Amino acid sequence: MTQETFLTRDGYKKLKEELEYLKTVRRVEVAQAIHDAKIDGDVMENAGYEEAKRQQAFLEGRIMTVEALLKNAVLIESNGCSDTVGLGSRVTVVEAGFEPETYSIVGSAEANPGAGRISNESPLGKALIGHKAGDRVTFEAPSGLVEIKVVSIE
């Protein structure tokens, strides 16, 4: 069974661009590095050759990963304002004693908590799904149970 990858249109576009770069630019660079290392002589004790082969293996693994993500992509459509939190929602929440914070709920492939993009599979993301503005939501954080209030949903 294949796992669906929830992506915004922007996330899908970025993955397509990354895949194109990996296939057209990085493959050529790594192939050139392998070629150059072979010219340096015996490949059995050639650190440059070993490094280039390691880079090639990593590159091909990343290409396969990105291709799988794109193949199983389900685009998150933003339907404008909604009264409940779902994939693609921008949610402002507040915890007692703290400033409000705004998060976009995205699929795990696009999650970047530092940039305010949390996964629908994260403890906070899971807890927020289906809630409305004004709801109090409790979720398990590394520091223990946390209660927040949903301020608004865009």
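Against the definition (surrounded by fewer than 16 Cβ atoms within 10 Å (Cβ to Cβ) and either among the β-branched types (V, I, T) or in a helix (DSSP H, G or I) (or both)), how does A37 come out, yes or no?
Working: surrounded by fewer than 16 Cβ atoms within 10 Å (Cβ to Cβ): no; either among the β-branched types (V, I, T) or in a helix (DSSP H, G or I) (or both): yes.
So A37 does not fit the description; no.
Residues are listed down the side, and each one gets a yes or a no for (1) in contact (Cβ under 8 Å) with a residue 40 or more places away in the chain; (2) within 13 Å of the chain's Cα centre (by Cα):
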{"position": "V74", "(1), (2)": "yes, no"}
{"position": "S89", "(1), (2)": "yes, no"}
{"position": "G97", "(1), (2)": "no, no"}
{"position": "I105", "(1), (2)": "no, yes"}
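Checking V151 against (1) in a strand (DSSP E or B); (2) surrounded by 19 or more Cβ atoms within 10 Å (Cβ to Cβ), which test does it fail?
Looking at each condition in turn, V151 falls short on (2).
Can you run down the residue pairs with Cβ atoms below 8 Å, 6 or more apart or on separate chains, where the first is in the range 52-66 and in the same structural domain as K16 (by TED's automatic domain parsing) and farther than 14 Å from E29 by Cβ and the partner is of a type in the set (A, V, I, L, M) and surrounded by 15 or more Cβ atoms within 10 Å (Cβ to Cβ)?
Between residues of the range 52-66 that are in the same structural domain as K16 (by TED's automatic domain parsing) and farther than 14 Å from E29 by Cβ and residues that are of a type in the set (A, V, I, L, M) and surrounded by 15 or more Cβ atoms within 10 Å (Cβ to Cβ), the close pairs are V66/L15; V66/L19; V66/L22.
Could you please let me know if V85 is of a type in the set (A, V, I, L, M, F, W, C) and farther than 29 Å from L22 by Cβ? Walk me through how you get there before you give the answer.
On the way: of a type in the set (A, V, I, L, M, F, W, C): yes; farther than 29 Å from L22 by Cβ: yes.
Judged against the criteria, V85 is a match.
Would you please list the contacts, defined by Cβ atoms under 9 Å and residues six or more apart or on different chains, that run from a residue in the range 111-126 that is in contact (Cβ under 8 Å) with a residue 40 or more places away in the chain to a residue that is part of a strand (DSSP E or B) and of a type in the set (V, I, T)?
From residues that are in contact (Cβ under 8 Å) with a residue 40 or more places away in the chain, the pairs are N120/I105; N120/V106.
Quick grid of which residues meet (1) surrounded by fewer than 17 Cβ atoms within 10 Å (Cβ to Cβ); (2) in contact with a Phe, Trp or Tyr (Cβ under 7 Å, 6 or more places away or on another chain); (3) part of a loop (DSSP other than H, G, I, E, B); (4) at pLDDT 95 or above:
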| residue | (1), (2), (3), (4) |
| --- | --- |
| M1 | yes, no, yes, no |
| G11 | no, no, no, no |
| I63 | yes, no, no, yes |
| V74 | yes, yes, no, no |
| S78 | yes, no, yes, no |
| G86 | no, no, yes, no |
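The values are calculated or read from the model by the stated rules, or taken from the named source; none is laboratory data. Being a predicted model, the structure only gives us computed values, none of them experimental. When we count neighbours, we look across all protein chains shown, and the Cβ atoms used for this are built from the backbone with ideal geometry, even at glycine.
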